[in-house]
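The values are calculated or read from the model by the stated rules, or taken from the named source; none is laboratory data. None of the values given here were measured: they were computed from a predicted structure. Positions of Cβ are backbone-derived with ideal geometry, glycine not excepted, and every protein chain shown enters the neighbour counts.
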Amino acid sequence: MQSEMWMEAIRRRLFEKLGEGYEVEKTTALKNHGVEAEGISVRKAGDVLAAILYPRPIGGFCREEQTPEEEAEYADIYVDVLLKMYRGHGEQNDGLWELVRRMTDWEEIRSYIRPQLLSCMDHQRLIPRLVYRRFQDLAVVYAARTECGSDWGTVRIERPVFESWGISEEELHRQALKNLEQDGCFVQSIPEALGMEPLLEAGGAFLSAAVLSNRSRLYGAAGILLPDMLEGYAKKVEANLFLLPSSVHEFLLIPDDGQISIRALNQMVKEVNQEEVPPMDRLSDHVYYYDRESRLVEWRDEEEWELKRLMRKEGLLGAV
């Protein structure tokens with residue numbers, strides 16, 4: 001049996017077992033980095049959003065030579081498993097369903113809104129569906145977030161929902177940053193972030209590479225949108241900062257001592273992304289830069305960077 005036929009058989013049996021009052025449809029969900037996942041959406045009458053189940057072909061259910069009776073038997077067994085997952089999901093995520101119920105009212109949902117950073121290049125199909133603004137080669141998007149037991153549930157803000165609120169994009173952005181700041185973003189030395197004692201350099205000074213994230217470690221890279229976070233750390237180390245995107249959840253901050261190679265840092269980011277960061281968590285493959293005088297985050301290509309560094313060395317330019 002082909003995958004499309006298999007999915008349709010599962011969809012049909014789910015609909016039959018759930019009965020009236022439910023919409024059960026095949027769907028393709030667009031995940032981070034353009035990953036597509038075929039699933040079956042289940043929406044109860046009156047619910048704003050649907051739950052999506054992701055069936056996978058199993059054993060005998062995929063045999064082309066099976067009889068209609070065998071097909072029905074396998075479908076019943078498999079659908080019972082999916083229904084258990086669906087009902088269990090709802091019971092364990094009351095907080096998420098409550099969030100969904102609040103989505104139609106801006107005043108009720110505003111305290112749940114948080115910003116997220118995504119790569120424009122890697123999310124060309126996803127981002128246009130969302131409310132977003134550009135930040136260098138990244139996009140600031142927005143999501144409603146709530147605790148669901150020991151985990152977090154998030155719902156990204158798509159344009160139809162946003163337009164129903166009757167607010168401006170600027171108000172949405174301000175509220176998201178306010179909530180992010182209240183969450184408690186931080187800049188910690190790498191040992192401190194790992195729960196260890198700070199390390200000392202030979203001269204007795206603390207090593208100054210640090211991690212920027214938020215307390216939940218969920219889309220904490222958006223902390224660079226808060227000016228005081230970068231400004232405060234740059235002032236502390238008395239230097240401009242290289243910003244290395246560890247993932248969508250955090251940045252690594254390294255003070256610019258005038259000796260660091262931008263090419264080496266870019267190469268390091270690329271290697272870490274390829275070897276250690278799951279594709280759905282990757283932010284970008286290059287370094288950003290914070291200038292403490294302009295208080296701006298920039299992305300400079302390697303040729304421009306090396307030219308400005310040479311000009312500064314020759315006394316033809318101030319700080320890079």
- Pairs returned, first residue in the range 252-267 that is in the same structural domain as Arg282 (by TED's automatic domain parsing), second residue that is of a type in the set (D, E, K, R), beta-carbon separation under 6 angstrom, 6 or more apart or interchain, are Ile262/Glu302; Arg263/Glu302
- Message: Name the residue that is farthest from Ala144 (Cα to Cα), counting only residues in the range 184-215 that are among the aliphatic types (A, V, I, L, M) and at pLDDT 85 or above.
- Response: Ala209
- Message: Among the residues that make up the range 295-314, is at least one of them modelled with pLDDT of 90 or more and surrounded by fewer than 16 Cβ atoms within 10 Å (Cβ to Cβ)?
- Response: yes
- Exactly one condition in (1) at pLDDT 90 or above; (2) not assigned by TED's automatic domain parsing to the domain that holds Glu108 is not met by Val141; state its number. (2)
- Determine whether Arg159 is at pLDDT 95 or above and of a type in the set (Lys, Arg). no
- Query: Going by the conditions given, is Leu96 surrounded by 20 or more Cβ atoms within 10 Å (Cβ to Cβ) and at pLDDT 85 or above?
  - Reply: no
- Quick count over the range 14-51, residues being more than 26 Å from the chain's Cα centre (by Cα), modelled with pLDDT under 80 and not charged (D, E, K, R), is 2
- Item | Selected residue [surrounded by fewer than 19 Cβ atoms within 10 Å (Cβ to Cβ) and touching a strand residue (DSSP E or B) at 6+ places or on another chain (Cβ under 9 Å)] from Ala209, Ala222 | Ala209
- Look at Glu181 and say whether it is among the acidic types (Asp, Glu), more than 24 Å from Ser261 (Cα to Cα) and either modelled with pLDDT of 90 or more or assigned to a helix (DSSP H, G or I) (or both). yes
- Message: Restricting to the range 175-184, name every residue that is of a type outside the set (Gly, Ala, Ser) and surrounded by 12 or more Cβ atoms within 10 Å (Cβ to Cβ).
- Response: Gln175, Leu177, Lys178, Asn179, Leu180, Glu181, Asp183
